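The values are calculated or read from the model by the stated rules, or taken from the named source; none is laboratory data. Source: prediction; values computed, not measured. Every residue, glycine as well, gets a Cβ built from its backbone with ideal geometry; the counts of neighbours run over all protein chains shown.
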Amino acid sequence: MKCPFCDELEDKVVDSRMAKEGEVIRRRRECLGCKRRYTTYERVEEILPVVVKKDGRRESFDRSKILAGLKKACEKRPISTATIEMVTDRIEKRIQEMGETEIESRIVGEELMKELHQLDQVAYVRFASVYREFKDIDQFMDELRTLAQQRRDR
């Protein structure tokens, strides 16, 4: 593993631990060149589907896009980074479990919407307004009314 501080290729593993319910191994490493320590994470390489965009383009599934969308929707909300990571993990796992080689971007968006609906209604509306491309205030208000009705029905 190349040291992030001095680019030395030789290191030693100081500590290894399981993380994320055994799905990841966390390793503390010490560079043999500069003696600084750093952390790496090891996980099984997962075969994820190609995402088919609305315009027909295809691109590799990118976990960081889900994470970025969640972070943007949850900005200035009382939601921890750890929670956002867990939500991203759940979405990624569900998509992988579908076993498809290709998946429409709409399905990824709907999975995000489901998670945000449960997590935080303000974040949900933020994401929905961009994802569903609300054209005017009426569409926005319709979504808010639906949320309010669901809340009353609980």
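Numerical summary
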| read-out | value |
| --- | --- |
| Boolean, Phe134 is assigned to a helix (DSSP H, G or I), under 23 Å from Gln150 (Cβ atoms) and not aliphatic (A, V, I, L, M) | no |
| Every pair of residues 6+ apart whose Cβ atoms lie under 9 Å, when the first sits in region 22-33 and is under 14 Å from Glu45 (Cα atoms) while the second is among the polar types (S, T, N, Q) | Ile25/Ser16; Ile25/Thr40 |
| Filtered residues of region 40-54 (kept if loosely packed, with under 11 Cβ neighbours inside 10 Å and either in contact with a helix residue (DSSP H, G or I) (Cβ under 9 Å, 6 or more places away or on another chain) or at pLDDT 95 or above (or both)) | Ile47, Lys54 |
| Subset of region 133-147 that is closer than 14 Å to Gln121 by Cα and either of a type in the set (A, V, I, L, M) or modelled with pLDDT under 80 (or both) - its residue that is farthest from the chain's Cα centre (by Cα) | Met141 |
| Residues that are over 18 Å from Lys71 (Cα atoms) and in contact with a Phe, Trp or Tyr (Cβ under 9 Å, 6 or more places away or on another chain), drawn from region 89-131 | Ile95, Gln96, Ile103 |
| Residue ranges of strands (runs of 3 or more DSSP E) in region 40-127 with at least 1 members assigned by TED's automatic domain parsing to the domain that holds Phe140 and among the small types (Gly, Ala, Ser) | 58-60 |
